[in-house]
Amino acid sequence: MTRAALFSPPSCPVLVVKIGSSLLVAPDGRVRRDWLAGIVADVAARRAAGQRIILVSSGAIALGARRLGLPGGGRASLEDAQAAAATGQIALSQTWAELLGERGITAAQMLLTLDDLEDRRRYLNASATLARLLALGVVPVVNENDSVATEEIRFGDNDRLAARVALAAGAGGVVLLSDVDGLYTADPARDPSATLVADATLDAATLAMADGASRSGMGSGGMAAKLAAARIAHEGGAHLAIVGGAGDRPLSAFADTARGTVFAASARRGARKAWLAGRLTARGRILIDEGAADALGRGASLLPAGARAAEGRFARGDVVDIVGADGRIVARGLAEYDGEEARRIAGRRSTDLADLLGYAPRAALVHRDHMVML
Ligand code: GLU
């Protein structure tokens, strides 16, 4: 299968398309309506071919900043960004609703915060809403709820949001449309020998190619956020492409030329494990020894005997990172014990647990059914 075919309607029934601020909003602060009409034509064609599409649309802050006359693209302070987002979002939604409506497609707006997708119950709510909207033939248009998100609880970039939304919707692919046409071996503006990486893997050499900043200064993504999104998608079993979106009908162009960078996912994960793998935060950490790391690699549960220590305040059922002897996070899972109990039983044999805790315990600290290797 060609790279672009991974994202085609027959092989990818649900596709998430993320559109960066610099594509949507012209340098003078106006919506690039003609360009958006091209995207909507692409979306209509894919829907006619049987693909369900979720749009993750940036641009609220950039649009709102212009309307309010705020400096620094509306990103000079969190308060400015919140006000700009609240003002720009209404214009953004209206534009999408109109353009999709012209082709007989109903748009729906979903504004999400990081917490909505980190908390399991709220994540399931968001998943259910997305599933229902898709079943009804609606195109969800998603953005971060920037007007209420504070620094601690915000994604800050729509690249990672798009990857998380893909997992929540059970999508097989994510296309990040951007003002760069993929991942380059070096910054092409500075190094003429830089080449586009067509097929990428998430190894150390690839991660080193990313710089943090957004080139247009309009969005907040940058390549580092795109690679973080690729990692989330990969862990959840979704393919991800970084594609240049500046030309007309960029989704059609990608289908024709396959130009861009593709991170192909290996295996699909079950929905619960995909949620776990894509989470950005954990309540605690369990430090394990090398023997336990080997056992986890072979598919075993984490037993108390393999744990060296437990850190953090977490309850039974909370997400914990499982950290190897070298400090690397090797797995993530749902704790079978709270943090206090975990500290007491770390390093002890399962047969000792009843004596230590005074009640009939579960054998594992983290059961393999509720764990993903990272
Ligand atoms: N949510 C932001 C907005 O609508 C964009 C975030 C990003 O640049 O990725 O303006």
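The values are calculated or read from the model by the stated rules, or taken from the named source; none is laboratory data. Bear in mind the structure is a predicted one, so any value in this text is a computation, not a measurement. Counting neighbours? That spans all protein chains shown, and the Cβs are built from the backbone with ideal geometry, glycine included. Just the protein is used for accessible areas: all its heavy atoms, side chains included, with ligands, DNA and RNA removed. Shrake-Rupley method; radii C 1.70, N 1.55, O 1.52, S 1.80 Å.
Here are some notes:
- Using the Cβ-Cβ distance between Ala76 and Leu356 with R0 set to 51 Å, the FRET efficiency from 1/(1 + (r/R0)^6) comes to roughly 0.40.
- A cut-off under 12 angstrom between Cβ atoms defines the neighbours of Arg249, and their net charge, with Lys, Arg +1 and Asp, Glu -1, is -3.
- Of the solvent-accessible surface of the chain, computed with a 1.4 Å probe over protein heavy atoms with every protein chain present, carbon and sulfur atoms account for 50 percent.
- Ranked by how many other beta carbons lie within 10 Å on average, peptides 125-138, 108-121, 168-181 from highest: 168-181, 108-121, 125-138
- Distant-in-sequence amide contacts of Val175, defined by a placed amide H-H separation under 5 Å and a gap of 5 or more residues or a different chain, comprise Val16, Val17, Lys18, Ala241.
- Whole-number percent relative contact order across the chain, with pairs defined as alpha carbons under 8 Å at least 6 apart: 15 percent
- Highest-first arrangement of 303-313, 321-331, where packing means the average Cβ count within 10 Å: 303-313, 321-331
- Ordering of 187-196, 282-291 by burial proxy (mean other Cβ atoms within 10 Å per residue, highest first): 282-291, 187-196
- Residues whose placed amide H lies under 5 Å from that of Gly347, excluding near-sequence neighbours: Ala305, Gly306, Ala307
- Per residue, the accessible area of region 29-140 comes to 43 Å² when a 1.4 Å probe rolls over the protein heavy atoms.
- Solvent-accessible surface (1.4 Å probe) assigned to Phe155 amounts to roughly 10 Å².
- Centroid-to-centroid separation of region 100-140 and region 225-254 [C-alpha atoms, Å]: 19 Å
- Nitroxide proxy distance, nm - points 7 Å out along Cα→Cβ at Arg313 and Arg272: 2.7 nm
- Amide H partners (placed H, <5 Å) of Ala331, local residues excluded: Ile322, Leu374
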